[in-house]
Every structure is written in structure tokens, then in C-alpha cells.
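One structure below.
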Amino acid sequence: MFLTEPLISSRQIRTFYPTIWAAHSDENMQSRYADFYKEIVARTARLVAEWQCVGWCHGECVSAIRLVCF
């Protein structure tokens with residue numbers, strides 16, 4: 001699964017994840033997006049785990065209340 005808005009996604013990666021941006025050439029966009037997706041999944045999992053460590057657990061963890069750039 002890859003992001004469908006390359007312009008917006010590229011801006012997000014370049015601005016908030018400069019190490020991912022620098023690690024890939026412009027010809028290797030698929031790999032760049034894959035690493036971006038992996039990083040988002042890892043950060044989201046870490047955030048939810050931290051919420052649960054302090055006893056906060058919610059039935060929904062929807063993307064509307066989270067930002068890609070946390």
C-alpha cells in the first residue's frame with residue numbers, strides 16, 4: 001500500500017522526515033514511500049503503546065485525530 005498523493009506526501013517526507021528524504025533518490029520514490037509508511041506505522045504503534053502504559057485506552061484510534069507529522 002502506497003500513498004496516492006505524491007505531491008503532498010513528498011512535501012511531508014521532505015519537511016518532517018528529512019533523513020528518509022535524503023536516503024533515497026528521486027528515481028526511487030517507491031522505496032522512499034515504503035520507508036515513510038514503515039516509519040508512520042512504527043510511530044503510531046509506539047504512541048498507542050505509550051497511551052496504554054498510562055492507562056488511557058480509547059475504542060477508536062482514527063486518523064482524523066492523529067497527524068502524520070507527530
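Computed from the coordinates by the stated procedures, all read-outs in this text should not be read as laboratory data. In this text, all values refer to a predicted model and were calculated from it rather than measured experimentally.
So if each residue of separation counts as 0.36 nm, and I subtract the Cα-Cα distance between ALA22 and TYR37, what length gain in nm does that give?
3.8 nm
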Net lengthening on full extension, MET29/GLN52 (0.36 nm per residue, minus Cα-Cα): 4.8 nm
